[in-house]
Amino acid sequence: MKRDAWQKFLNGDEASFGELYRRYFNELFAYGLKIGFNEEVCKDAIQDVFYKLFTSKSQLTHIQNIEFYLLQSVRNRLYDIHNAE
């Protein structure tokens, strides 16, 4: 089912983008907290990752495991934010 939403999004179904966001937000948020970041930084990082996902979808067609991609992207964004402070 997760893969279905990802494929629909890649094929231009913008409603599936919201589905992906709702489906993964809590998991990504909990992950950010678990690795030591505060709530606001986690929310900002997740927002940044989903913005990039939306604006770069044509470059992301090779991604097979969206959950892994999102977790890695949020982690990387959190560390980018931390290093910029």
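We did not get these values from a lab; they are worked out from the coordinates using the rules stated. Only a predicted model underlies this, so the values are computations on that prediction, with no experimental measurement involved. Positions of Cβ are backbone-derived with ideal geometry, glycine not excepted, and every protein chain shown enters the neighbour counts.
Taking the dipole about the Cα centre of region 2-84, with the C-beta of Lys and Arg at +1 and of Asp and Glu at -1, give me whichever of 42, 84, 30 is farthest to the positive side.
Working it through, the farthest residue towards the positive pole turns out to be 30.
Could you pull out every one of the lysines with an alpha carbon less than 26 Å from that of residue 8, ignoring same-chain neighbours closer than 8 positions?
Cα-Cα hits under 26 Å: 43, 52, 57.
Using Cβ counts within 10 Å as a stand-in for footprinting exposure, how do 70, 53 rank, fewest first? Intermediate results must be reported in sequence, preceding the final value.
Values: 70 24, 53 20.
Starting with the residue having the fewest Cβ neighbours, the order is 53, 70.
If you stretched the chain out fully between residue 15 and residue 58, how much longer would it get, using 0.36 nm times the residue separation minus the C-alpha to C-alpha distance? Display every interim value, and only then the final one.
Working: separation 43, 0.36 × 43 = 15.48 nm, distance 1.65 nm.
So the chain would gain 13.8 nm between residue 15 and residue 58.
Given only helices, namely DSSP H runs of n ≥ 4 each adding -39500 (n - 2.57), what is the per-residue ellipticity at 222 nm of the chain, to the nearest 500 deg cm²/dmol?
Working: 4 runs with 65 residues, N = 85.
It comes out at -25500 deg cm²/dmol, rounded to the nearest 500.
So for region 2-84, what are the equivalent ellipsoid semi-axes in whole Å, largest first, each being the square root of 5 times an eigenvalue of the Cα gyration tensor? If you can, show how the numbers build up before the last one.
Working: eigenvalues 102, 31, 22 Å².
Output for region 2-84: semi-axes of 23, 13, 11 Å.
For the residue pair residue 82 and residue 47, what label-to-label distance in nm results when each label sits 7 Å from Cα along the Cα-to-beta-carbon direction?
For the pair residue 82/residue 47, the computed spacing is 2.1 nm.
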